Amino acid sequence: MANSIFGGKLVIWMTFLAALILQTIPWPGTMDMLRPSWLVLVTCYWVMAAPHRVNVGTGLILGLLWDLLLGSTLGIHGLMMAIVTYLVAINFLVIRNMALWQQALVMALLSMLSITIEFFGEFIIQDVVFNPTSLWVALINAILWPWLFLLLRRVRRIWRVR
C-alpha cells in the first residue's frame, strides 16, 4: 500500500522537504559556519539508494530551491548540487558497497568539494574571502552520515521505497 503512494516519490520528496527546512533554520551567528549540509547528505543518500529516481536533475532543482530559500545568488547551489550528485551517481555502486565509515569519509570529501564550488561560484560573482573554518562542516557531515544513513534506510524500508 505504501509503495502505491506515487511509487515512493512522496516519501523521497518529504525527506527533501525536511532537509530544506533543516538547511534554512537560522542558527546563532558564530554557529552558522558549523551548520551541516543536510540537503547534500540526503540527496547523496537517495542517489545511492534509488539512482533511478534521484539524479543530477533532481540535484539541480533542489539546489535552485536552496538558492531561492536563502536568497543567495541563483544557480550557485544548483551547480554545486548537480556536480556532487553527478559524482555520487557515477560511483553509486562503489560507494554503496563501502563500509559506513568509508562512506562517511567520502561524504566529508564531497562536502569539502561542495564548499569549494560554492566559494568559487560566489568569488566569480562578488568579492568574498574564503573562511577556512567553513571546512569544519565536512567533519560534521562525516560524523552525521552514519546516523542519517541508518535513519533514511529505515524510512526507505518502512515505506518500501524502491
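For segment 60-107, count all C-alpha to C-alpha pairs, find those more than 12 Å apart, and express that count as a whole percent of the total. Present the calculation step by step, with values, prior to reporting the outcome.
On the way: 717 of 1128 pairs.
Looking at segment 60-107, the distances longer than 12 Å represent 64 percent of pairs.
Show me, for segment 88-102, the HN-Hα J-couplings you get by feeding each phi into the Karplus relation (A = 6.51, B = -1.76, C = 1.60, θ = phi - 60°), rounded to Hz, glycine and proline as x.
Result, rounded to whole Hz: 6, 5, 7, 10, 5, 5, 5, 5, 5, 8, 7, 5, 4, 5, 5.
May I ask you to evaluate 6.51 cos²θ - 1.76 cosθ + 1.60, the Karplus curve with θ = phi - 60°, for each residue of segment 103-109 and list the ³J(HN,Hα) values in order in whole Hz, giving x for glycine and proline?
Those phi angles translate into 4, 4, 5, 4, 5, 5, 5 Hz.
If one takes the longest principal axis of the Cα atoms in the chain, at what angle in degrees, from 0 to 90 and to the nearest 10, does the Cα axis of helix 56-70 lie?
Approximately 50 degrees, to the nearest ten.
Residue by residue through segment 122-131, what is 3J(HN,Hα) from phi via Karplus (6.51 cos²θ - 1.76 cosθ + 1.60, θ = phi - 60°)? Round to whole Hz and write x for glycine and proline.
6, 5, 5, 8, 9, 7, 10, 10, 6, 10
Listed highest first by mean packing, meaning other Cβ atoms within 10 Å per residue, what order do 144-155, 23-34, 56-67 come in? Spell out each step's value before the answer.
On the way: 144-155: 15.8, 23-34: 10.8, 56-67: 20.0.
The peptides rank, most packed first, as 56-67, 144-155, 23-34.
Tell me what the chain gives for mean residue ellipticity at 222 nm when only DSSP H runs of n ≥ 4 count, each as -39,500 (n - 2.57), the sum divided by the residue total, rounded to 500 deg cm²/dmol.
Per the formula, -23000 deg cm²/dmol.
Using all C-alpha to C-alpha distances in segment 16-92, build P(r) with 10 Å bins and read off the rounded percent in each one.
21, 51, 25, 4
Taken together, the values in this text are just the output of simple stated rules run on the coordinates, not laboratory data. As the structure is a prediction and not an experimental result, all values here were calculated from the model. All Cβ positions, glycine included, derive from the backbone under ideal geometry; neighbour counts span all protein chains shown.
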